[in-house]
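Colleague: Input: one structure, supplied below.
The values are calculated or read from the model by the stated rules, or taken from the named source; none is laboratory data. Computed from a predicted structure; not experimentally measured. We place every Cβ from the backbone using ideal geometry, glycine too, and count neighbours over all the protein chains shown. Keep in mind that these areas ignore ligands, DNA and RNA; they rest on the heavy atoms of the full protein, side chains included. Shrake-Rupley method; radii C 1.70, N 1.55, O 1.52, S 1.80 Å.
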Amino acid sequence: MKALYCQQNSSGEEMTFIFQERENLPPTGDHDVKVQVRACALSWIDTKLLSEVKLEKELLPVGREISGVVLEVGRKVSFFQPDDEVAGILPLDSEESGLCEVVLVHEHYLVHKPEKVCWVEAAATVRDGVRAYTALHYLSQVSPGKSVLVMDGASPFGTIAIQLAQHRGAKVISTAYSLEDKQYLERLRPAVARVIDVSNGKIDVAESCLEETGGLGVDIVVDAGVKLYSAEDESASKSQLLPHKHDIITLLGVGGNWITTERNLQLDPPDSHSLFLKGATVSFLNEEIWNLSNIEQGKYLYILLMIVLKDIMEKLSSGIFRPQLDEPIPLYEAKVSMEIVQKNQTRKRQVIQF
């Protein structure tokens, strides 16, 4: 039985993806569920985060969002039984590769998959769903009448975030990074209130958002990264399509919430003063917080995670969530597909189907 792993070279830059022959799985633990994997989504591996939390390994397992069929359960497992269809996400410190025919998963990381939800969609939506709930439910409280700006709404995460915000009754504005993205966002139903095409660099995002909200500003902003410096100081590798942090602060309304994915965000005194005057908050979006808490808090978060995963599956089943995904990929193409994902060269969620 083979499983996919990644190996970093000595410089810590390049990554090689390799299939390793696995020995037989260890005995099923009391709370373990043995799952026959039917689909596994591919997501970017954050090696920097793994290093910071001391989870670096010579071989890192690849693939954490899975769907499949229960083969066996531990003696203390209470939620599942053999032949159940499940979906879930492997924890950050998992030794298991989701890109393997059979995996062992703690029952806390799985939920039942609705019968009408296909394997590929279930695996494809897990991570983006957890991320969207973290941003719009736990870091901010999206509700009817609020305005939400989702940057890069045509990305897999952006698509789910838009759909969750709309389902909660919010007015959604989104940015598009290309004509194709703009056309995709304009086809979404319910319709996005406004699509801001920033592909030519001539549209002022802050001005467009203030115009759309009657000058009041946006209640919740979920960014996809920001420019920290002026154009001449910004690294050439940075996307020129990202808004400047000053633009985000300008378009943020009184009492607004800025949810940022920029882990190195630097706020200067004038930035902090502007946020202070608005009574606004800045929160950092790291969906791995569900796995990185201490034992007592972790037990509480496991329960919340299961609730979130269950809600994600229900919204998939009812058609509220419609993931932005590519055609299913056969297992023999997993190495090449993962290389593309790791280089951020894909715009749709990549899913391996067994």
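Colleague: With the dipole of the chain worked out from charges on the C-beta (+1 for Lys and Arg, -1 for Asp and Glu) around the Cα centre, which of 257, 92, 141 lies farthest toward the positive end?
Modeller: Value: 141.
Colleague: Can you list the lysines whose alpha carbon is less than 26 Å from that of residue 146, not counting same-chain residues fewer than 8 positions off?
Modeller: Hits, sequence-local ones excluded: 171, 182, 227, 245, 278, 310, 315.
Colleague: Determine, from the Cβ-Cβ distance of residue 93 and residue 211 and an R0 of 35 Å, the FRET efficiency 1/(1 + (r/R0)^6), rounded to the nearest 0.05. Could you put the intermediate results ahead of the total?
Modeller: Details: r = 47 Å, r/R0 = 1.33.
For R0 = 35 Å, the calculated efficiency reads 0.15.
Colleague: Which of these, 30, 46, 93, has the largest mean-square fluctuation under a Gaussian network model of the chain (Cα springs below 10 Å)?
Modeller: 46
Colleague: Further question on the same structure: Just reorder 322, 127 by solvent-accessible area, largest first, 1.4 Å probe, all chains present.
Modeller: Values: 322 90, 127 30 Å².
Correct descending sequence by accessible area is 322, 127.
Colleague: What is the packing order of peptides 340-352, 113-125, taking the mean over residues of other C-beta atoms within 10 Å and listing the highest first? Don't skip to the end; give the middle numbers.
Modeller: On the way: 340-352: 17.2, 113-125: 22.3.
With the highest mean Cβ count within 10 Å placed first, the list reads 113-125, 340-352.
Colleague: Just from its helices, what would the mean residue ellipticity at 222 nm be for the chain, if runs of 4 or more DSSP H residues each count -39500 (n - 2.57) and the sum is divided by every residue, rounded to the nearest 500 deg cm²/dmol? Mind showing how you got there, number by number?
Modeller: Values: 9 runs with 99 residues, N = 354.
So the calculated ellipticity at 222 nm is -8500 deg cm²/dmol.
Colleague: What percent does the relative contact order of the stretch 121-268 come to when contacts are Cα pairs within less than 8 Å and at least six residues apart?
Modeller: Numbers: 248 pairs, mean separation 31.8, N = 148.
Relative CO of the stretch 121-268 lands at 21 percent.
Colleague: Only Cα pairs within less than 10 Å get springs; with that Gaussian network setup on the chain, which residue of 88, 68, 214 has the largest fluctuation?
Modeller: Answer for the Gaussian network model of the chain: 214.
Colleague: A further question follows. Any idea what the dipole of the chain comes to, in debye rounded to 20, about its Cα centre with Lys/Arg Cβ at +1 and Asp/Glu Cβ at -1?
Modeller: Numbers: 36 positive and 50 negative charges, 163 e Å.
Roughly 780 debye for the chain.
Colleague: Do you know the relative contact order of the chain, to the nearest whole percent, from alpha carbon pairs under 8 angstrom that are 6+ apart?
Modeller: Numbers: 721 pairs, mean separation 64.3, N = 354.
With pairs under 8 Å counted, the relative contact order is 18 percent.
Colleague: Where is the GNM fluctuation largest for the chain (alpha-carbon springs, 10 angstrom cutoff): 84, 326, 268?
Modeller: Judging by the Gaussian network model, the answer is 268.
Colleague: Another question, then. Mind checking which lysines have their Cα closer than 29 Å to the Cα of residue 335? Skip sequence neighbours fewer than 8 apart in that chain.
Modeller: Partners found: 2, 34, 48, 54, 57, 113, 238, 343, 348.
Colleague: Put 281, 175 in order of accessible area, largest first, 1.4 Å probe: what do you get? Provide the component values of the computation, followed by the final result.
Modeller: Values: 281 60, 175 0 Å².
Sorted descending by solvent-accessible area, the residues read 281, 175.
Colleague: Determine ³J(HN,Hα), in whole Hz, for all residues of the stretch 136-150 in sequence, where each value follows from phi through the Karplus function 6.51 cos²θ - 1.76 cosθ + 1.60 and θ = phi - 60°; x replaces Gly and Pro.
Modeller: Result, ordered by residue: 9, 10, 9, 8, 8, 10, 5, 7, x, x, 7, 9, 10, 9, 10 Hz.
Colleague: For the chain, what is the accessible area per residue in Å², given a 1.4 Å probe and the full set of protein chains? Provide the component values of the computation, followed by the final result.
Modeller: On the way: 16700 Å² over 354 residues.
I get 47 Å² per residue for this part.
Colleague: Going highest first, how would you order 105-112, 142-149 by mean Cβ packing within 10 Å? Don't skip to the answer; put the middle values down first.
Modeller: Working: 105-112: 21.9, 142-149: 19.9.
Top to bottom by mean Cβ count within 10 Å: 105-112, 142-149.
Colleague: Sticking with this structure for a sec: Under the 0.36 nm per residue contour assumption, what length would be gained going from the current alpha-carbon distance of residue 58 and residue 246 to full extension?
Modeller: On the way: separation 188, 0.36 × 188 = 67.68 nm, distance 4.09 nm.
Taking residue 58 through residue 246 to full extension adds about 63.6 nm, to one decimal.
Colleague: I'd like the accessible area for residue 306, computed on protein heavy atoms only with a 1.4 Å probe and all protein chains in place. Round to 10 Å², please.
Modeller: 30 Å²
Colleague: Which whole-number percentage describes the relative contact order of the stretch 56-166, with Cα contacts under 8 Å and a sequence gap of 6 or more? Intermediate values should be presented prior to the final figure.
Modeller: Details: 132 pairs, mean separation 25.8, N = 111.
The value is 23 percent.
Colleague: Right, another one. Toward the positive end of the charge dipole of the chain, about the Cα centre and with charges on Cβ (Lys, Arg +1; Asp, Glu -1), which of 51, 104, 228 goes farthest?
Modeller: It is 104.
Colleague: Using heavy-atom solvent-accessible surface (probe 1.4 Å) with all chains present, what is the largest-first order of 227, 48, 245, 171?
Modeller: Working: 227 30, 48 100, 245 5, 171 75 Å².
Of 227, 48, 245, 171, the descending order of accessible area is 48, 171, 227, 245.
Colleague: Turning to a different aspect of this structure: Given a 1.4 angstrom probe, I'd like the percentage of the accessible area of the chain that is carbon and sulfur, rounded to a whole number.
Modeller: Working: 8260 of 16700 Å².
Its accessible area is 49 percent carbon and sulfur atoms.
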